[in-house]
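The values are calculated or read from the model by the stated rules, or taken from the named source; none is laboratory data. Quick caveat, the model's predicted, so the values are computed rather than measured. Here the Cβ positions follow ideal geometry from the backbone for every residue, glycine too, while neighbour counts run over all protein chains shown.
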Amino acid sequence: MWDWLIWGALILTAVAGIAAAGLLAVRTRQAWRDVKDARRDFVGPREEFAAKVETTAERLSATGDTAELQESVARLRVSLARLEVLTAALDEAQIALGRVATFVPRK
């Protein structure tokens, strides 16, 4: 008598599980694409920005000897050093994501 209810619950559970797995796959693929897009959008402009800042720092240090200017250039160089550290950390994270990417299905 209760067989139809049990089979219905099992079928409903199976359908829900398949739908959840499909949703997980779609969301994982979208997250991976977002990571790739963010990496592409961040790496190129970051390198250009660092080069421009370094050029500006060199020009500023060559133009004047005021204490305020020297202090600003020193702060700028510290910021550049921090940017380099963060860049190295981002590169390490990209390498780790690259290892994970071998398991992500591609088109």
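Below are the figures for this structure:
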{"item": "Residue check for Val53: at pLDDT below 90, surrounded by 10 or more Cβ atoms within 10 Å (Cβ to Cβ), under 29 Å from the mean Cα position of the chain (by Cα) and not in a helix (DSSP H, G or I)", "result": "no"}
{"item": "From Val85, Val35, Val100, residue being part of a helix (DSSP H, G or I) and modelled with pLDDT under 75", "result": "Val100"}
{"item": "Leading residue by the ranking (nearest to Pro45 (Cα to Cα)) among those in the range 56-97 that are within 13 Å of the chain's Cα centre (by Cα) and in contact (Cβ under 8 Å) with a residue 24 or more places away in the chain", "result": "Thr87"}
{"item": "The lone exception for Val15 - which of (1) in a helix (DSSP H, G or I); (2) modelled with pLDDT under 90; (3) hydrophobic (A, V, I, L, M, F, W, C) it fails", "result": "(2)"}
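Each row is one residue, and each column tells you yes or no for (1) surrounded by 10 or more Cβ atoms within 10 Å (Cβ to Cβ); (2) within 28 Å of Leu97 (Cβ to Cβ); (3) in contact with a strand residue (DSSP E or B) (Cβ under 7 Å, 6 or more places away or on another chain).
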| residue | (1), (2), (3) |
| --- | --- |
| Leu5 | no, no, no |
| Leu10 | yes, no, no |
| Val15 | yes, no, no |
| Ala25 | yes, yes, no |
| Trp32 | yes, yes, no |
| Ala38 | yes, yes, no |
| Arg46 | yes, yes, no |
